[in-house]
Amino acid sequence: YQRRVRGRAGTDMEIPSEKRQHHHSSSKWLPLLGILLLGALAGMIACNCVHHAAPNEWLLVVDGQGEQTKAVVGGTHVSSPWEQVVKFPSNLQKVSFKAQQVTREMQGIEVSGFASWVVYREDSGPLKAFRHLDGLTPEGIEAANDSLRDMAESILRAKLANLTIAEVITSREYLRDVCQKSMMEVVRGWGVWIETLEVTDVKILSASLFKNMQTQFREATRLEAEMRQLATQRQIHRRQLQLEQERVEQEAEIASRVAAMRHEKDKAELELELERTNLRAEMEKRQAVYQAEQELLLQEQQSALAKKKLDLELLRSQREHEAEMQREQQKLELERLRAEHRRQEEIKAHSLGISQLKEKLAVETTMTEANHRSALLDATKQVYSKLPLKDVKLVNFGAMPGGGAGNSSDLLPWLWAGMNS
């Protein structure tokens with residue numbers, strides 16, 4: 001288990017088996033370590049080659065010959081080893097300036113304003129700005145602001161010396177345009193763009209001169225105002241006279257129209273009154289005729305109504321008499337029927353009583369003395385109970401017809417007959 005290894009001198013060397021195993025296990029980890037080292041190296045290179053700019057920063061890429069290859073705001077760039085990448089602010093800068101100069105009238109005047117500038121976006125403007133403005137560091141930006149301020153004040157002084165005070169006061173736009181144009185011809189080579197330049201104030205340094213100028217302007221303005229006021233008053237007076245004349249003419253015309261209208265109205269009223277009188281007379285005539293006709297018609301209707309009323313009264317009397325006669329006949333017939341009914345009822349009752357009496361007599365003839373007396377007592381009780389009497393006394397002064405013994409039983413037939421009669 002030994003392996004021969006050629007040494008540096010070309011001789012064969014024998015390596016023990018333990019060393020060969022250790023060498024073999026170490027050789028397995030070498031590729032992995034190489035890969036890790038390569039990955040770390042690639043990450044370091046990538047971190048150094050990838051550049052990000054904030055939304056308010058310029059990202060400037062310069063190649064090996066010092067030329068600008070890329071310039072963006074808020075971008076990302078992966079650079080090569082021979083490229084340089086720098087970042088600097090892209091915000092708007094503001095410069096205030098104030099220039100004092102004597103005018104053509106040899107009077108002191110002061111002009112104030114401001115200018116706003118940014119990095120020139122076109123061509124190689126960002127590279128020029130980075131080169132000329134000290135990399136746009138705070139110190140470089142401050143130096144640029146001072147240069148622009150001095151330039152603006154110098155240009156304004158040159159222009160103010162050839163203008164009058166009135167021209168300076170009234171020509172702010174001219175001063176702004178001239179100053180901006182002159183500065184743009186210079187600062188474009190710096191990689192700077194003037195966004196705006198404004199003249200904010202024009203001040204006359206001599207207070208007395210300023211007051212005198214105001215006095216002259218004030219007096220001229222007052223004179224113009226008074227002239228305008230007088231002209232306005234004359235126009236108002238002229239207009240008032242014109243309006244007064246028009247009013248008088250209108251009143252006269254209105255008065256004539258009113259008189260004509262009043263005349264027409266009176267005439268129309270007279271015609272209307274005459275027409276009303278004729279109409280009233282015609283209406284009264286028609287009303288009288290109509291009233292006479294209505295009275296005649298009413299009399300005729302009243303006569304016809306009286307005749308009809310008399311006929312109705314006769315007919316009612318006749319019908320009442322017939323109804324009375326009919327009622328009397330019905331009453332007589334009803335009385336007759338009632339009398340006939342009572343007679344029939346009496347006959348039936350009498351026949352019934354006779355038959356009952358006969359039956360009773362027949363029963364009594366077959367009864368014994370004791371039964372006869374018991375029945376007689378019962379009949380007596382029944383008869384007495386039906387009588388409308390509280391106390392009854394019977395007095396027999398002799399023999400009853402038929403030769404009876406004269407006791408109470410002999411009175412029963414007669415009492416019964418008296419009750420049913």
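Evaluating I165 against the criteria (1) hydrophobic (A, V, I, L, M, F, W, C); (2) at pLDDT 85 or above; (3) open to solvent by less than 80 Å² (accessible area, probe 1.4 Å) leaves one unmet condition, (2).
Looking across Q229, Q240, Q216, one residue alone is modelled with pLDDT of 90 or more, open to solvent by 80 Å² or more (accessible area, probe 1.4 Å) and assigned to a helix (DSSP H, G or I). It is Q240. Taking first residues from segment 84-102 that are within 18 Å of S147 (Cα to Cα) and among the aromatic types (F, W, Y) and partners that are open to solvent by 60 Å² or more (accessible area, probe 1.4 Å) and at pLDDT 90 or above, the Cβ contacts under 9 Å between residues at least 6 apart in sequence or on separate chains come to F97/R149; F97/D150. Say whether the condition of being hydroxyl-bearing (S, T, Y) and in a helix (DSSP H, G or I) is met by at least one residue in segment 163-177. Yes: segment 163-177 contains one or more residues that are hydroxyl-bearing (S, T, Y) and in a helix (DSSP H, G or I).
Just one of S116, S96 is touching a Lys or Arg at 6+ places or on another chain (Cβ under 6 Å) and part of a strand (DSSP E or B); which is it? Show your work before the answer.
Details: S96 fails: touching a Lys or Arg at 6+ places or on another chain (Cβ under 6 Å).
Going through S116, S96 in turn, just one is touching a Lys or Arg at 6+ places or on another chain (Cβ under 6 Å) and part of a strand (DSSP E or B): S116.
Here is a check on your reading of the model: is F88 among the hydrophobic types (A, V, I, L, M, F, W, C), within 30 Å of I204 (Cβ to Cβ), in contact with an Asp or Glu (Cβ under 8 Å, 6 or more places away or on another chain) and part of a strand (DSSP E or B)? Full working, then the answer.
Working: among the hydrophobic types (A, V, I, L, M, F, W, C): yes; within 30 Å of I204 (Cβ to Cβ): no; in contact with an Asp or Glu (Cβ under 8 Å, 6 or more places away or on another chain): yes; part of a strand (DSSP E or B): yes.
So F88 fails the test.
Of all the residues in segment 104-124, those that are over 60 Å from the mean Cα position of the chain (by Cα) and under 18 Å from E173 (Cβ atoms) number 1.
The values are calculated or read from the model by the stated rules, or taken from the named source; none is laboratory data. These numbers were taken from a predicted model, which means no experiment stands behind them. Quick reminder, even Gly has a Cβ in these numbers, built from the backbone with ideal geometry, and neighbours come from all protein chains shown. In case anyone asks, the SASA skips ligands and DNA or RNA and just uses the protein heavy atoms, side chains included. Shrake-Rupley method; radii C 1.70, N 1.55, O 1.52, S 1.80 Å.
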